[in-house]
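Chemist: What follows is a single structure, and I will ask about it in a moment.
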Amino acid sequence: LQLYDYDVDAIINYNIDAVDAMYSSSSYPFRRLCLGIRYFPLKESLYFKEKKKLNKVVKTVLITTGSTDPCHCMHKILSDLNIRSYCDIKFYAIIGLFYESNYRNFLSEKHRDKKNLVFLNWGQNMKKIYSDSDIVISPGSTTIYESLSIGVPCISFQFVDNHHEECIALDKFGLVPFAGDYSEESDNICIGKLFEAELDYTTRKIQYDKFVSWFDGNGANRIAEIIRSLL
């Protein structure tokens, strides 16, 4: 939140939009700044020795809003994607841990005609889910960072304010296209158009070649080294 200028030996911020100017200080000029996605600590359970290879043809898509969905983003996305027109693609939608029961029932009923859509309950083996996915559609959150670290192209969207800066930065660097704000009805959301573009192998390959060099999965080791060097 950057509310105070703390007297610490180091600051670690793994957000992609973190820059030195955020933590400039005349009081603590020797404070060590470790900023950027090089320090993203990928969970040990998700670590891969090698990146997932990019498939030329998209066969599987993962859609998640995280553990909650107060703005009913999942329904909006499933409606916008026109899933029935992609009969050769399997879509998996994760039902968040804190989805209300009536919303779960609504999703199941509203989208039951989509034969290539499967709803998954919370608590899946995410390493396998990621490795089986060719595209991940997610808010600008940890899920995006995890997907890119493993080697899966993404499309981002937002429904709370703290998603915004990450989504904008990832889009600006050409890593992840941003589909817009799903917190309310808006003409600025474009998930269908972006998804159609992501089906093109060349488009995904350009993004893939960029993000695999940025997200190398070694952030936890770097953090450990920083802590060890300060002891």
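Chemist: If you take the residues in the stretch 82-116 that are of a type in the set (S, T, N, Q) and touching a residue at least 12 places away in the same chain (Cβ under 8 Å), which one is farthest from LYS59 (Cα to Cα)?
Modeler: Of the stretch 82-116, the ones of a type in the set (S, T, N, Q) are 82, 85, 101-102, 105, 108, 116.
Add one more test, that the residue is touching a residue at least 12 places away in the same chain (Cβ under 8 Å), and what stays is 82, 116.
Values: ASN82: 16, ASN116: 11 Å.
Per the criteria, the residue is ASN82.
Chemist: In the stretch 137-163, how many are farther than 17 Å from THR68 by Cα and not small (Gly, Ala, Ser)? Steps first, please.
Modeler: Of the residues in the stretch 137-163, the ones farther than 17 Å from THR68 by Cα are 145-155.
From what is left, the residues that are not small (Gly, Ala, Ser) are 145-146, 148, 150, 152-155.
Residues in the stretch 137-163 being farther than 17 Å from THR68 by Cα and not small (Gly, Ala, Ser): 8 in total.
Chemist: Now a separate question. Going residue by residue through the stretch 192-201, is there one that turns out to be open to solvent by less than 10 Å² (accessible area, probe 1.4 Å) and either acidic (Asp, Glu) or over 25 Å from ASP80 (Cα atoms) (or both)? Full working, then the answer.
Modeler: Of all residues in the stretch 192-201, those open to solvent by less than 10 Å² (accessible area, probe 1.4 Å) come to 195, 198.
Adding the requirement that they be either acidic (Asp, Glu) or over 25 Å from ASP80 (Cα atoms) (or both) leaves 198.
Yes, the stretch 192-201 contains a residue that is open to solvent by less than 10 Å² (accessible area, probe 1.4 Å) and either acidic (Asp, Glu) or over 25 Å from ASP80 (Cα atoms) (or both).
Chemist: Filter the stretch 73-86 for residues that are part of a loop (DSSP other than H, G, I, E, B) and modelled with pLDDT under 95; which is nearest to the chain's Cα centre (by Cα)? Before you say what the answer is, go through the steps one by one.
Modeler: Taking the stretch 73-86 and keeping what is part of a loop (DSSP other than H, G, I, E, B), we get 81-82, 86.
Then drop every residue that is not modelled with pLDDT under 95, which leaves 81-82.
On the way: LEU81: 18, ASN82: 22 Å.
Step by step, filter the stretch 73-86, then rank; the result is LEU81.
Chemist: Restricted to the stretch 191-218, and to residues that are small (Gly, Ala, Ser) and touching a residue at least 40 places away in the same chain (Cβ under 8 Å), which residue is nearest to PRO177 (Cα to Cα)?
Modeler: Taking the stretch 191-218 as the starting set, the residues that turn out to be small (Gly, Ala, Ser) are 192, 197, 213, 217.
Then drop every residue that is not touching a residue at least 40 places away in the same chain (Cβ under 8 Å), which leaves 192, 217.
Values: GLY192: 12, GLY217: 21 Å.
Out of the qualifying residues, it is GLY192.
Chemist: Across the stretch 1-56, what is the total count of residues that are open to solvent by less than 80 Å² (accessible area, probe 1.4 Å), of a type in the set (Lys, Arg) and touching a residue at least 60 places away in the same chain (Cβ under 8 Å)?
Modeler: Final tally of qualifying residues: 2.
Chemist: I'd like to check which helices (runs of 4 or more DSSP H) are fully inside the stretch 104-179 and have at least 1 residues that are of a type in the set (S, T, N, Q).
Modeler: Details: elements: 126-132, 142-150, 164-172.
Once the helices (runs of 4 or more DSSP H) in the stretch 104-179 are filtered for at least 1 residues that are of a type in the set (S, T, N, Q), what remains is 126-132, 142-150.
The values are calculated or read from the model by the stated rules, or taken from the named source; none is laboratory data. Just so you know, these numbers come straight off a predicted model, no measurement behind them. Positions of Cβ are generated from backbone atoms using ideal geometry, with glycine treated the same way; all protein chains shown enter the neighbour counts. Quick note on the areas: whole protein, heavy atoms, side chains included, nothing else; ligands and nucleic acids left out. Shrake-Rupley method; radii C 1.70, N 1.55, O 1.52, S 1.80 Å.
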